[in-house]
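Here the structure is laid out as structure tokens; the discussion comes afterwards.
What follows is calculated from the coordinates using simple rules that are stated; it is not laboratory data. Note that the coordinates shown come from a computational prediction; the quantities given were computed from them, not determined experimentally. Here the Cβ positions follow ideal geometry from the backbone for every residue, glycine too, while neighbour counts run over all protein chains shown.
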């Protein structure tokens, strides 16, 4: 059973993942969605070898236990950049909500990005979130995003 999502006129629809985000505005009404692109953000996330060392460090258990050593898990530079990107777009969304006095926000993002956004969104923005969609729609054209949201 699918329920049709109600997205009010002038609501902001955030579509994003850890590398790209779209802010869309519903220029239509609750019955006929008509999303218009307001802003597009694309994060810079270069290859791992360009972001940090390629070899993990090592830990030793102590001077007497030379045989007991283990590798330190390498830093996931892409994941760190995706967290930073989530914070940047959350700040931009907060500015947009305040400047335009947005009453409703819909967020469509993969589960990991949703979790990042929940942690960093300001309370004012969280209070205006009327729906969350746990899908990555960033690679879809706007007309397909509309179809996904009205199902």
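As a rough guide to protection, the peptides 27-35, 83-91 ranked by mean Cβ packing within 10 Å, highest first, stand as 83-91, 27-35. For the peptides 130-142, 14-26, 102-114, residues were scored by their other Cβ atoms within 10 Å and the scores averaged per peptide; the highest-first order is 14-26, 102-114, 130-142. A crude spin-label estimate for the pair residue 44 and residue 84, with each label 7 Å from Cα along the Cβ direction, gives 0.9 nm.
For a modelled paramagnetic label at residue 9, 7 Å from Cα along Cα-to-Cβ, the residues of the range 90-116 in reach, with backbone nitrogen under 17 Å, are 101-105. Between residue 131 and residue 32, the modelled labels are 1.8 nm apart [label points 7 Å from Cα along Cα→Cβ].
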